[in-house]
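Please treat every number below as a calculation from the coordinates, not as lab data. Note that the structure is a prediction, hence the values are computed from the model and not measured. Every residue, glycine among them, receives a Cβ derived from its backbone with ideal geometry; neighbour counts consider all protein chains shown.
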Amino acid sequence: MSRRASCRYAMLVCYLPPLPLHPFAIRQTPLSRLQLDRRLTLLDPEDARDLATLEEVTHWERIPPATSDRAFLAGARDALQKLDRPSLRELLGWRLELRTLVGALRRRHRGLPGPAADEAFGYGPCADSIRRYWERSDFNLSHRYPWVAVADRLLQEGNHTALEHLLFAAVWDHYTRLAWNHHFDFEAVVLYVLRWHLIDRLTRYDPPAATDRFKALLIQGLGQYDRVVDSPASAGIPITSYEA
């Protein structure tokens with residue numbers, strides 16, 4: 001990054017209002033998306049494209065419901081190749097692994113078998129562990145994702161509100177830890193935007209509608225086994241209203 005761009009990004013970060021340390025009590029975003037987009041015009045064109053690529057893949061509501069796992073994974077790998085910065089590829093990879101784990105939990109909760117070796121399922125090394133340790137509550141991954149066993153228990157209990165809270169906190173905490181190492185660079189801007197999006201979803205959360213949506217997805221999945229195996233639901237699209 002050039003010195004000029006670095007100074008501009010430092011100015012951009014200073015223009016952004018601070019995000020809350022604990023977002024669950026906040027009732028609105030610190031600024032609107034329109035206001036945020038106006039500030040993001042300070043980004044270099046290449047960086048703006050990278051940010052758009054990240055948002056396109058990590059904001060699950062932008063993914064058409066009929067998208068298959070295979071098509072989604074192809075698009076995700078294409079997005080990873082487009083990102084020049086290793087830090088952004090690592091960030092996207094982490095979100096894809098989380099999505100894979102949530103999808104595996106939901107699939108197992110339906111009583112479906114683990115993914116076959118030749119099945120297009122999930123992203124990253126966690127997919128292999130899911131296949132090998134399908135019967136374990138944490139897929140033998142608690143050392144890397146300590147929340148998985150808790151998420152499995154909450155899903156079995158039908159406590160979808162607590163589950164959503166857990167997943168939201170896992171993503172928020174991960175972004176916050178990454179932000180500790182970035183203050184006035186492009187990564188700082190990216191992490192701000194991604195956390196802003198989480199707050200935006202949280203403040204628009206409707207618990208009754210979310211529960212109804214989950215039940216509808218679950219019934220649809222149980223009733224259409226042949227479509228579930230290669231459907232967005234098996235890849236981890238929403239637990240309730242929040243797409244982890």
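Structure data summary
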{"item": "Thr203-Asp78 pseudo-label distance in nm [points 7 Å out on the Cα-to-Cβ vector]", "result": "3.3"}
{"item": "For Asn140, residues with placed amide H under 5 Å, excluding near neighbours", "result": "none"}
{"item": "3J(HN,Hα) from dihedral phi, the stretch 13-28, Karplus parametrisation 6.51/-1.76/1.60, rounded to Hz, x for glycine, proline", "result": "4, 5, 6, 8, x, x, 8, x, 6, 10, x, 5, 8, 6, 10, 7"}
{"item": "Relative packing of 109-115, 91-97, which averages over residues the other C-beta atoms within 10 Å, highest first", "result": "91-97, 109-115"}
